[in-house]
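Quick note: the coordinates plus some simple rules give every number you see, no bench work behind them. As the structure is a computational prediction, the values presented were derived from the model and not from experiment. Every residue, glycine as well, gets a Cβ built from its backbone with ideal geometry; the counts of neighbours run over all protein chains shown.
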Amino acid sequence: MAPAQRQLRSTVGAVTTRSTSADRPASVALAEAPTRQARNSAALWTAIGRCRGHEVIRRRGFVAVNGDVRAGLRILIQEPHLDPDELTEASELVRRAPGPVNAEDPFSSTDLGHLGMRGWQMPIMVRPPGPAGEPVLDVIRVRRPEDLQAAERIVIEGFELTGFTPYRPGELFPPALIEQPGVDVFLAVHDGVPAGAAVTVVDDGVGGHYWVGTSPAFRSRGVGRAVMLGSLAHLADLPVTLTASKLGRPLYETLGYTAAAHATWWASP
């Protein structure tokens, strides 16, 4: 169990020995956050891997997308504990990876430090179904190749994805990505100029946000809030998860997200 979940449950237990019917759904939603995030993230990366033509490996305890020298290897932990064979296989994938390695463990239970990877934690946040409000900027659901490339550039620049530089169109966001069921890319426009981007995934009745980014030239102008509001519109009837950076968390909290657990991320040096 993640530290945030232990703290939440111990606090609830100290206050009362009974939970009301009104409390129970919220508690269940928070407890399920790591699993929801794990499944949703796996859906996104499976779609990306297939669109890129990369190998997708599915096991009980993890999903891996084995890419090329620039995209590298992505491992998505799916269960609180890997069995010995799964851990051995995942370790071998890391050792043989042709490029950078990134692993996401929403349960914070699988230690990959023995592979020389560095780890850090970020909060998993959840938002219950409900309206989100209107963005102050134009936010479009991407359908044209030129808009997809604009979103791709914003994400590469905003997240400093140096592995994808020099820029090659369609390498991060393949053109077929926006045709994948449940996957959408959004673009916020500021005075006619692409300024922010986000990716959403709907899978098994749960929504997820990824790569919510702002072009450095447009930061502190409300672009991040606008692209979040614009992309939340089609998720209003669903619970939504995301993994927040330290800078992004205050924004997400104002949009109705609550920190439920901490995911551990691992990356090769």
Output ³J(HN,Hα) for region 180-185: one whole-Hz value per residue in order, computed from phi by the Karplus curve 6.51 cos²θ - 1.76 cosθ + 1.60 with θ = phi - 60°, and x for Gly and Pro. 6, x, x, 9, 9, 10
When the helix-only estimate is applied to the chain (DSSP H runs of n ≥ 4, each -39,500 (n - 2.57), divided by the residue count), what is the mean residue ellipticity at 222 nm, nearest 500 deg cm²/dmol? -10000 deg cm²/dmol
per DSSP, antiparallel bridges as share of beta bridges in region 61-180, % nearest 5, sits at 55
Within region 176-269, what percent of beta bridges assigned by DSSP are antiparallel, to the nearest 5? 90
The summed charge of the GLU55 Cβ neighbourhood (under 12 Å; Lys/Arg +1, Asp/Glu -1) stands at +4
Gyration tensor (Cα) of the chain, equivalent ellipsoid semi-axes in angstrom: 28, 26, 15
Which residues among region 229-269 fall inside the zone where the amide N is under 16 Å from a point 7 Å beyond the Cα of SER109, along Cα→Cβ? 261-265
Kirkwood Rh, Cα Rg: Rg to Rh for region 138-238? 0.95
